[in-house]
Amino acid sequence: MELQPPRGTTDFLPPGSESLLRLYEAAHRVARLFGFRYVETPGFEATELFARSSGESSDVVRKEMYTFKDRGGRLLTLRPEATAPIVRAYLAKRHELPSPFKAYMVGAMWRYGRPQTGRTREFRQFDVETIGAPEPAADVEVIACGDRYFRELGLRGRHLELNSIGDETCRPGYRRLLIDYLEAHQGSLRDEHRDRFRENPLRVLDCKDPACRAVAAGAPKISDHLCEPCREHFDEVQRLLKEEGIEADLVPTLVRGLDYYTRTTFEWVGDRLPEGQGSLGGGGRYDGLAEILGGPPTPGVGFALGIEPRVLLALEKEGVRAGGEALDCFVIGIGEHGREAARPLVRELRSVGLRADAALGDRPLGAQMKMADRANARFALILGEREAAAGTVTVRRLADGHQDVVPQTDVAAWLATHGASE
Ligand code: AMP
């Protein structure tokens, strides 16, 4: 039996699993701080949902979907992204939901790519979507939510890139200009784009290949060809971002791989992530998506952040410990009276909301100290015969071995004032 998880997936075990949990908790906290409501959609969907929403020419659809037939012969796909499922779920129940509908989700996504550092086949995203709001303020609110997430985590090495890719009024004209330009430079494009750039010329701008990048650098810029309403929208997004104190670099080649995006596009780039896997997350406006899925015209804007592996990796590179201690205290009872006193103490600590644990059976002091260490506790609370007789506890801070003697009745309050359960 193979004990390793399947290629491109990861087992999360302590302490790494606890770092991941912190990233989830921060996502829930920050999204709710901004008024986004928690949603969960199925892990798999009808393949048609992603085929329609991603457009036939997108990489995700062409190469990376986990698609299978179930026993009933239905064609299904493991969700590679969350926006289309969330919009689908919204459209199905829209009459019962608030408008605009502000939703967030935290969960696994699957894409069949070649695994490498920062790129896996199963990864975790934090998704935030505002459905039903055309205003630039909606774009800025989702960006501010992502920015706050990074600030809460203490991730510093990142920057925000911003662009507008216009809408159905101005993009077709720009597309023609771009195709003309690419035709003149066809020979310099990498194979895949040389043959296919007419289908989706904007994808060339997004290509990481140095040859394509050189061509993209000289290409006409969409931002010079926006129609008046798109121009105004983009200007307002920039003004409001400034007001929020969020800096953004304007990057005219920033286009999203999926076809339903309109107007605002943005991406957070991690400064220390590996070349080619530098995106921490990104998003944009997708005013055309709801109609593609058979719903009424409904504007929307959102982002997807790669919590794992990307954000986790970026934090590690900065030496930020995301996990913290797993326990506030490990109670060590030694001798008959110490053990007797340990059980009610653990019960009391847990009842007031402190994370407490203890050995289940009789173990020597050394073994229990080791357990406290392995459990990643902040304090060991030692209850020996001496402490049991005096009604005290020896509180040992595991990080540096510093010890205090505290009356048993005061331990919970003492821990609360000494930084446990932050
Ligand atoms: P996308 O939906 O392609 O814009 O992806 C949004 C974010 O999800 C990216 O910025 C990455 O952080 C993350 N991501 C996408 N694909 C993968 C993958 N195969 N492995 C790890 N993270 C990914």
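The values are calculated or read from the model by the stated rules, or taken from the named source; none is laboratory data. Treat the numbers as computed from the prediction; the structure is a model and nothing was measured. Don't worry about glycine lacking a Cβ; one is built from the backbone with ideal geometry, like all the others, and counts go over all protein chains shown. In case anyone asks, the SASA skips ligands and DNA or RNA and just uses the protein heavy atoms, side chains included. Shrake-Rupley method; radii C 1.70, N 1.55, O 1.52, S 1.80 Å.
Quick notes
- Tally of residues being open to solvent by 20 Å² or more (accessible area, probe 1.4 Å), out of contact with any helix residue (DSSP H, G or I) (no Cβ under 8 Å at 6 or more places or on another chain) and within 14 Å of the ligand (Cβ to nearest atom) across the stretch 279-296: 0
- Counted residues, the stretch 143-181 - those being hydroxyl-bearing (S, T, Y), under 26 Å from G35 (Cα atoms) and more than 14 Å from the chain's Cα centre (by Cα): 1
Quick grid of which residues meet (1) under 19 Å from the mean Cα position of the chain (by Cα); (2) part of a strand (DSSP E or B):
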{"residue": "M1", "(1), (2)": "no, no"}
{"residue": "E18", "(1), (2)": "yes, no"}
{"residue": "A27", "(1), (2)": "yes, no"}
{"residue": "R32", "(1), (2)": "yes, no"}
{"residue": "L76", "(1), (2)": "no, yes"}
{"residue": "R88", "(1), (2)": "no, no"}
{"residue": "H95", "(1), (2)": "no, no"}
{"residue": "K102", "(1), (2)": "yes, yes"}
{"residue": "M105", "(1), (2)": "yes, yes"}
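- Matching residues in the stretch 255-278 - criterion: being touching a helix residue (DSSP H, G or I) at 6+ places or on another chain (Cβ under 9 Å), at pLDDT 90 or above and not polar (S, T, N, Q): R263, F266, W268, G270, D271, R272, L273, G278
- Complete set of residues in the stretch 276-327 that are more than 29 Å from V237 (Cα to Cα) and of a type outside the set (A, V, I, L, M, F, W, C): P309, E316, K317, E318, G319, R321, G323, G324, E325
- Residue match in the stretch 221-228 (condition: β-branched (V, I, T), modelled with pLDDT of 95 or more and open to solvent by less than 30 Å² (accessible area, probe 1.4 Å)): no
- Matching residues in the stretch 104-121 - criterion: being open to solvent by less than 20 Å² (accessible area, probe 1.4 Å) and either within 8 Å of the ligand (Cβ to nearest atom) or among the basic types (K, R) (or both): M109, G113, G118
- Test for R124: is it buried (at least 21 other Cβ atoms within 10 Å of the Cβ), within 12 Å of the ligand (Cβ to nearest atom) and basic (K, R): yes
- Residue in the stretch 239-261 that is free of Cβ contacts under 8 Å to residues at least 60 places away in the same chain and within 16 Å of the ligand (Cβ to nearest atom) present: no
- Wholly enclosed helices (runs of 4 or more DSSP H) of the stretch 122-209 bearing at least 2 residues more than 30 Å from L312 (Cα to Cα): 171-184, 191-196
- Residue check for L360: in contact (Cβ under 8 Å) with a residue 24 or more places away in the chain and either within 30 Å of D11 (Cβ to Cβ) or within 16 Å of the ligand (Cβ to nearest atom) (or both): no
- Residues of the stretch 297-315 classified as open to solvent by 10 Å² or more (accessible area, probe 1.4 Å), more than 8 Å from the ligand (Cβ to nearest atom) and touching a residue at least 12 places away in the same chain (Cβ under 8 Å), total: 4
- Subset of the stretch 316-333 [open to solvent by 30 Å² or more (accessible area, probe 1.4 Å) and either modelled with pLDDT of 95 or more or within 15 Å of the ligand (Cβ to nearest atom) (or both)]: E316, K317
- Within the stretch 267-278, being within 13 Å of the ligand (Cβ to nearest atom) and open to solvent by 10 Å² or more (accessible area, probe 1.4 Å) holds for E267, V269, L273, P274, G276, Q277, G278.
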